[in-house]
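*Asks:* Take this structure, written in structure tokens, and hold onto it; I'll ask about it next.
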Amino acid sequence: MNDRASHPTGAPRFRLSEDWAATVLGLVLLAAALIGIIPTGLVP
């Protein structure tokens with residue numbers, strides 16, 4: 001099977017879904033809070 005047939009020209013091969021984007025962002029914020037980049041006054 002031709003790979004170009006399943007991926008039209010100009011279409012990205014890798015797409016980050018909204019769920020995964022929120023998961024990654026949440027983990028980044030958690031890590032930032034644990035490391036101390038985000039001040040404790042901003043963390044509820």
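The values are calculated or read from the model by the stated rules, or taken from the named source; none is laboratory data. Here the structure is a predicted model, which means the values were calculated and not measured. Every residue, glycine as well, gets a Cβ built from its backbone with ideal geometry; the counts of neighbours run over all protein chains shown.
*Asks:* Could you tell me whether the range 20-39 includes any residue that is in contact with a helix residue (DSSP H, G or I) (Cβ under 6 Å, 6 or more places away or on another chain) and either modelled with pLDDT of 80 or more or not in a loop (DSSP other than H, G, I, E, B) (or both)?
*Replies:* Looking for residues that are in contact with a helix residue (DSSP H, G or I) (Cβ under 6 Å, 6 or more places away or on another chain) and either modelled with pLDDT of 80 or more or not in a loop (DSSP other than H, G, I, E, B) (or both), one finds at least one in the range 20-39, hence yes.
*Asks:* Do you know which residues across the range 1-19 are in a loop (DSSP other than H, G, I, E, B) and at pLDDT below 75? Please lay out each step first, then the result.
*Replies:* Looking only at the range 1-19, we keep the residues that are in a loop (DSSP other than H, G, I, E, B), and these are 1-2, 7-17.
Once the filter is applied, which keeps residues that are in a loop (DSSP other than H, G, I, E, B) and at pLDDT below 75, the range 1-19 yields 1, 2, 7, 8, 9, 10, 11, 12, 13, 14.
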